[in-house]
């Protein structure tokens, strides 16, 4: 009895496991290495939502046709993509082109699996310095941003009007907190943001962290404590909901779409959704502590070319990359991806000409700062993990902002030596 | 990766045990051929199984050991020339401030889940033993948690337990209870994920214990009721003792399943807030895949510690079983 119930369960589990392993193997090995037919080039990107036949897939295909080859595109989940790229490099079967989330570029570059733009013969002089920084490590540049996004504060016009708040009055932290108090007093909720224990949590916290004048080299500086105290204070006083501790950026957006919230911290990628919301929305840039615009972190993907055994492939790879990074190419990407801001001035001007209402976003992107810049490079993931843990610990009341950030700094120092 | 490896590792003992038994009857000894021929035939019959075991169980396990005893930086992972560091990764893991928290969380989560799952599963199994109208349908409904994809059930639980808009808080609110921050307070987060995991585990316990109950002959109950034993007495004197072997294996499998749970916790809290719901399995997963920088070596070390815990429990089980049979 016992063994007969056990065996099928175990066999099934073993079967599932082996299917998983087989799938993993075939995924790596079919994407041929240097010796594969020269007519097929492999392309990985983190956009599984764009299926084959979509505008984006057609665009990728068109760039291949232009270069005289066929592009075989595979889409992965963002986090899975970094791991897949590492595994493929280990197997010697890297794809020809990868679109990679910008903080991951220095990680893969550090592993020595990306070719530099000089090796490929690409020109990056037109690309904005603050955006390109995420792809630079020790003086070399490992890719080109295909577009950039960043964070700002969206607001619900009706909620603000009911509370008597003028969005233009939000110029620093004090005026923002005052606005949140007024909204709270009017019966609506103040603001929501994402404090989840993943990279998204750090991404959302950074505008406040940098806006206070803090630096990622020193997580427990008084400025950093001030930024975390601001968040903690909002949560403790109910100006922000308690759910922010577990919120992802998508969840915060859904909370905002209920119409109950005055403000939400979110990104360029929600422009379309905001326009379709059941109420009127607007956005302001995130204020720094004592006025002015806070530097928000840049988001967005880089186009990178992993090292190949066969040098001859680089010529076509360059053509494909160039096809994606012309000014027209940037604008097209921007439109395909719900307002991805082009990384070059020429591209930005072309976009603003088409969509004047996006000017705030373009200027926000120009002010924005790469997460791995300041020569943090591959140290960034370690710092970021310590930072989001500190945010979580402080907001949930495990530790005070001061204690949480001190512990975070200790953790970084012990891990990076 | 590490979790699947841990998985493979813990089950390997069982598979190897089953494997030892099956090839033997497959190759009956033929006297006419020399002992050599018989041995070759035996090897031939065993070969597919042995290959399978080697490729899918032995290799991942060895690879996990290899990862945990070397310092695999990202560069070393690609080039394959990681420095051998012996047990350094294990020392780092055990001396990390997170180790104590993770171990305690694992113990509370695992033991809490199993105790409640088993009790409720057994109660339901006994309840369904007496067939009544619609009992088949009801029993099938209890299997729903098992059939749902984990991402669906875990997301549903996290919505229900949402501090501000969750249905649980709105029901409690109707009875005058204030807002409980189920998933965002360090005091209740572990309890919340344990509750969700209990719900997921009940069907497994129900099914196995129910089928165990079918093996207890009705005559024993009839005889005992003639002797005047009430339902309570019947349970403690007949059901429970006769179900002991099935209970033991249910508890062991439950333990192994629960030790390696990552998905439920990851979806509901990502191990947070802070490290309030970080178990060893979640810790291993987050080292390898949860951050922007994959740290496979410490992840593998944590995974191996888990395998070791499961192995010790498995050996204890075998020991207990032997003593029972003796």
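Each reported figure results from applying straightforward, stated rules to the coordinates on display, with no laboratory input. As the structure is a prediction and not an experimental result, all values here were calculated from the model. Ideal geometry is used to build each Cβ from the backbone, glycine not excepted, and the neighbour counts take in all protein chains shown.
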### Query
Ranking B:313, A:63 by Cβ neighbours within 10 Å, fewest first, what do you get?
B:313, A:63
### Query
Hey, any idea what Rg/Rh is for the protein assembly as shown, computing Rh the Kirkwood way over Cα pairs?
1.01
### Query
Helix A:78-91 versus the longest principal axis of chain A: what is the Cα-based angle in degrees, 0 to 90, to the nearest 10?
30 degrees
### Message
Cα atoms only: what Rg and Dmax, in Å, come out for the range B:88-171?
### Response
19.1, 61
### Query
If R0 is 41 Å, what FRET efficiency do you get for residue B:87 and residue A:328 from their C-beta distance, rounded to 0.05?
0.10
### Query
PRE reach from residue A:250 (point 7 Å along Cα→Cβ): which of the range A:260-295 fall under 17 Å by backbone N?
A:266-274
### Query
Between the helical axis of A:199-211 and the dominant principal axis of chain A, each derived from Cα atoms, what acute angle in degrees is found, rounded to the nearest 10?
50 degrees
### Message
Taking the beta-carbon count within 10 Å as an exposure proxy, list B:137, A:180, B:53 from fewest neighbours to most.
### Response
B:137, B:53, A:180
### Summary
Taking only C-alpha positions in the range B:92-325, Rg and Dmax in angstrom work out to 20.5, 69
### Inter-label distance, nm, simple model (7 Å from Cα along the C-beta direction), residue B:220/residue A:346
8.5 nm
### Task
Grab the DSSP H runs of chain A that are 4 residues or longer, score each as -39,500 (n - 2.57), total them, divide by all residues and round the 222 nm result to the nearest 500 deg cm²/dmol.
-15000 deg cm²/dmol
### Message
Can you compute the FRET efficiency between residue A:66 and residue B:75 using 1/(1 + (r/R0)^6), with r the Cβ-Cβ distance and R0 = 30 Å? Round to the nearest 0.05.
### Response
0.30
#### Entry: Computed FRET value (nearest 0.05) for residue A:413 with residue B:175, which takes r as the C-beta separation and R₀ as 45 Å
0.40
### Summary
Partner shielding of A:385-395, taken as the mean number of other chain Cβ atoms within 10 Å, equals 4
### Summary
Computed over the range A:132-176, the distribution of all Cα-Cα distances in 10 Å bins, rounded to whole %, is 20, 30, 15, 21, 13, 1
## Note on the structure
Expressed in nanometres to one decimal, the distance between label points 7 Å along Cα→Cβ at residue B:133 and residue B:59 is 5.8 nm
#### Entry: Computed over the range A:249-374: relative contact order in percent, which uses C-alpha pairs under 8 Å that are six or more apart
27 percent
## Note on the structure
Each residue of A:342-350 has, on average, a number of other protein chain C-beta atoms within 10 Å of its C-beta equal to 0
### Label point distance in nm, residue B:103-residue B:315, each placed 7 Å from Cα along Cα→Cβ
1.7 nm
### Message
Just want the ordering: B:282, A:365, from fewest to most Cβ atoms lying within 10 Å of their own Cβ.
### Response
A:365, B:282
### Query
Full extension from residue A:315 to residue A:260: what is 0.36 nm times the residue separation minus their Cα-Cα distance, to one decimal in nm?
14.4 nm
### Convex hull of chain A built on C-alpha atoms - directionally averaged projected area, nm²
24.0 nm²
### Task
For chain B, calculate the relative contact order in percent as a whole number, restricting contacts to Cα pairs under 8 Å that are 6 or more residues apart.
28 percent
## Note on the structure
Mean Cβ-within-10 Å packing, highest first, puts peptides A:300-308, B:218-226, B:112-120 in the order A:300-308, B:112-120, B:218-226
### Task
Note the angle between two axes, namely the Cα long axis of helix A:314-324 and the longest principal axis of the Cα atoms of chain A, as a number of degrees from 0 to 90, rounded to the nearest 10.
40 degrees
